[in-house]
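S.K.: Dumping the structure here so I can ask a few things about it.
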Amino acid sequence: MLILLGVTLKRDHKQSDLEIVNKTLQGDTSAFKTIIERYQDYLYRTALAFLGNPEEAEDALQEIFINVYRYLGTFRLGMAFRPWIYTTALNHLKKIYRKKKKNLKFSARDNEMLESLPDNSRGSDPQILAEKKETEAAVLRAVHSLQDDLKVVVTLYYLNEMSTREISETLNLSIENIKSRLYRARKILKKILGKNKTRL
Amino acid sequence: MKGDMACKKVETLTDLWAENGILTKDEYNYILAHIKSCGGCSLKFSHLMPFINRDINDRFTTGTLPEKDILSSQKYTDFHLNGSPNLAADSIMNNVLNAQNRFNRNKRLHRVISAAAAVVIIFLGSIFLSSYIQKSKTEVLVKFSLTAPEARSVSVVGDFNNWQPSPLVPEGPGKNGIWEIKIKLKKGRVYTYNFLIDGKTWIPDPASPVKVKDDFGGESSLIHIQGEIFKKL
């Protein structure tokens, strides 16, 4: 059960995650805001891919940061932070996801809600913006429709730009296993996203 | 190149991507340029572009979290995902701090309730779980141990150390996978705790028969430090 890979990734941030975590642990709670700023978009997208509903994703994002802050004391300095924060996030999302799945399959409404992505590009050309939002919604819908074992890997790799090594550390899976899932997922994504021929 | 040839080339390139998960910048740019001028291919491939964009072979160094400013200055922004929640970081931060204050208050309350409710059943737990090494009038030295041969680190976290991890050390010179720590605890108290493996996996003590649900869907173990109350039983 406890197969854990000992990989510490070297990062080259202006202020590394580890420095910020260290500051927070030493009592500078405001430092944690940098962690929020750094990860909120990525984790939101992850939550949205899993839950398919922006309101639930926002709630989940908030709860994830509450958990991360609460358990920050359990993070071992010297380890890589990103796999740790994603493990915390995924554990929380899986919990919500399981409950949701138990209740009923995703409704059509949830899928529609994927379209209602927030607009963070004020001032852009409305048409380009609309296309961008449409692409993003299509991408999230596609990821959301994947089977669970592919969805988690695709979310981390493509939506969060994690490396296969980091994903391996986060999910306690071999790199080969992750590569094989990504391979299968790419084939499926190409198939389902290539079917978007309905509009002209 | 004629239109249909270009379409075929784009089809081949996206097939290559699906097969190998990698394309060069030039190949990506080729697809991008083509779908801007070809309606059919645009419908077919534009939603695939964020995925392919991720797989441009030298777009960023693996293992590095891409900073937003770097992303926005990238040449390949056309198909970057930019969805961002309506929540401001300040508002999240405030909620985090409020939740933490509530959590701390609840933990204190929880400890009192646990002590009252578990006072009878916990006695057994304390026998199974830990051995008392040394006794004083008010404190005992309790050994926490866990068998986890593949763990890189094991800590115990509980209300006795304010949920800050105390690391266990491997037992003895051999690699038998047993980790242990001795901690002074007060007599007569009931404590809630978990083991924490490699800084991320929380488990209750497998040796403890008494567990309670925590706030996060997991379980914590309870230990009662034998005190005066049990001497009377």
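Laboratory data are not the source of any read-out in this text; all were calculated from the coordinates shown. Just so it is clear, the model here is predicted, and its values are computed rather than measured. In this analysis, Cβ positions are derived from the backbone assuming ideal geometry, glycine residues included, and neighbour counts consider all displayed protein chains.
S.K.: Under the definition of Cα pairs under 8 Å and six or more residues apart, what whole-number percent is the relative contact order of the stretch A:17-193?
M.R.: 24
S.K.: If R₀ is 25 angstrom, what is the calculated FRET efficiency for the pair residue B:33 and residue A:37, using the beta carbon separation as r and rounding to 0.05?
M.R.: 0.10
S.K.: Round to the nearest 0.05 the FRET efficiency obtained for residue A:23 and residue A:180 when R0 = 56 Å and r is the Cβ-Cβ distance.
M.R.: Using R0 = 56 Å, I get an efficiency of 0.90.
S.K.: Further question on the same structure: At 0.36 nm per residue, and after removing the present C-alpha to C-alpha distance, how many nm does the segment from residue B:211 to residue B:8 gain when stretched out fully?
M.R.: 66.9 nm
S.K.: Measure off 7 Å from each Cα along the Cα-to-Cβ vector at residue B:97 and residue B:180, then give the distance between these two points in nanometres to one decimal.
M.R.: Result for the modelled spin labels: 4.4 nm.
S.K.: Between residue B:16 and residue A:191, what is the label-point separation in nm under the 7 Å Cα-to-beta-carbon projection?
M.R.: So the two model labels end up 2.4 nm from each other.
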